[in-house]
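This report concerns only the one structure given below.
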């Protein structure tokens, strides 16, 4: 019997991982208690996605369990033991804005929850591959010190800078910077996943995501940039841009492209490896550019207001350098660009009548 455990299985990345790995394992054990609705309200609930998974995937076993519940987590892992060969940990409190309102809950979920899963893996299935979805927020606002130039629709790094060609690599410091409390809790988890690899020899992979996106995202104002933007475009809901004239740049990686990275790592795992995981130069956009695409796809003119106050610790320009992962796994390449992803999100919302 082969088993994969996926936390946050009702979410964007957890759901994509569940769908992908369902055909490769005898059992997919999903752990998700819909905390997203607690963080962001009913509109952000992922229960609809869990219902889909249970309906469509016969070998999916769902556990409505909180990753902070150490005893419950240990019981699930002990039940399957050494049959578990893959753990994909995507469950999190994902908003750096929300974290300031719920600092204890944020840290308990992101840091303590990750520790619970690592220790359960070490005790029950130490040979399993452990994949962790970290974030580019571990770099704090250090990217804002880069030499940036203002263009008509975006900020862009100086063409003479080493990061211009491919983006920001994994050598950027995570120290002496303002992370947001969310970024700090994810740093704690990120480093702990590395440590379980280095100290115990476990095969752990840390993926520092840019903006994670895709049609199954339950986007809200505080999390899920492209999904929420498209929702506003469809419903003609007013949208507020926070700071930087709307020219701040994000790289966006499609959920299926990220899960393909997970699959490559699972097939040839390493110990305590860290990868930046975003859209890179292949898929990035500014807020203004994304708004223009949403208007083009929906045929609606959006009502947009601009606040001079940027979000604390927010990035002005962030593009992930994917070179390290591509060097380790040359068979992988991103497939979905910004416009194609937005069209998928649009079609999914229309299907769901969101």
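Here, each number is a calculation from the coordinates, and none is a lab measurement. As the structure is a computational prediction, the values presented were derived from the model and not from experiment. All Cβ positions, glycine included, derive from the backbone under ideal geometry; neighbour counts span all protein chains shown.
Listing for the model above:
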{"quantity": "Estimated 222 nm signal from helices in the chain, with DSSP H stretches of n ≥ 4 weighted -39500 (n - 2.57), rounded to 500", "calculated": "-11000 deg cm²/dmol"}
{"quantity": "Inter-label distance, nm, simple model (7 Å from Cα along the C-beta direction), residue 1/residue 350", "calculated": "4.4 nm"}
{"quantity": "Average silhouette area of the range 36-109, convex hull of alpha-carbon atoms, in square nanometres", "calculated": "6.1 nm²"}
{"quantity": "Protection proxy ranking, peptides 313-321, 337-345, 139-147, 83-91, average beta carbon neighbours within 10 Å, highest first", "calculated": "83-91, 313-321, 337-345, 139-147"}
{"quantity": "Listed candidates [x] 24.3; [y] 19.2; [z] 16.3 - label of the one calculated as mean projected area of the Cα convex hull in nm²", "calculated": "[z]"}
{"quantity": "Rg(Cα) / (2.2 N^0.38 Å) computed for the range 230-354, rounded to two decimals", "calculated": "1.22"}
{"quantity": "By average C-beta atoms within 10 angstrom, highest first, the peptides 100-109, 170-179", "calculated": "100-109, 170-179"}
{"quantity": "Cut-off 18 Å (backbone N to label point 7 Å along Cα→Cβ of residue 74), residues of the range 112-133", "calculated": "112-126"}
{"quantity": "Cα-Cα separations in the range 29-163 greater than 19 Å, expressed as whole percent", "calculated": "62 percent"}
{"quantity": "With Cα atoms, 0 to 90° folded angle of helix 70-80 axis to the chain main axis", "calculated": "60 degrees"}
{"quantity": "Spread of Cα-to-Cα distances over 10 Å intervals beginning at zero, given as percent, for the range 107-175", "calculated": "15, 32, 24, 18, 10, 1"}
{"quantity": "Per-selection Kirkwood Rh - the range 95-216 (Cα, Å, 1 d.p.)", "calculated": "16.2 Å"}
{"quantity": "Share antiparallel - DSSP beta bridges, the chain, percent rounded to 5", "calculated": "15 percent"}
{"quantity": "Two-decimal Rg/Rh across the range 243-315, once Rg and the Kirkwood Rh are taken from alpha-carbon atoms", "calculated": "1.11"}
{"quantity": "Degrees separating the helix 255-267 axis from the principal Cα axis of the chain, which is the longest one", "calculated": "40 degrees"}
{"quantity": "Cα long-axis angle, helix 338-352 against the chain (0 to 90 degrees, to the nearest 10)", "calculated": "70 degrees"}
{"quantity": "For the range 166-272, the spread of Cα positions along each principal axis, largest first, Å", "calculated": "52, 34, 26"}
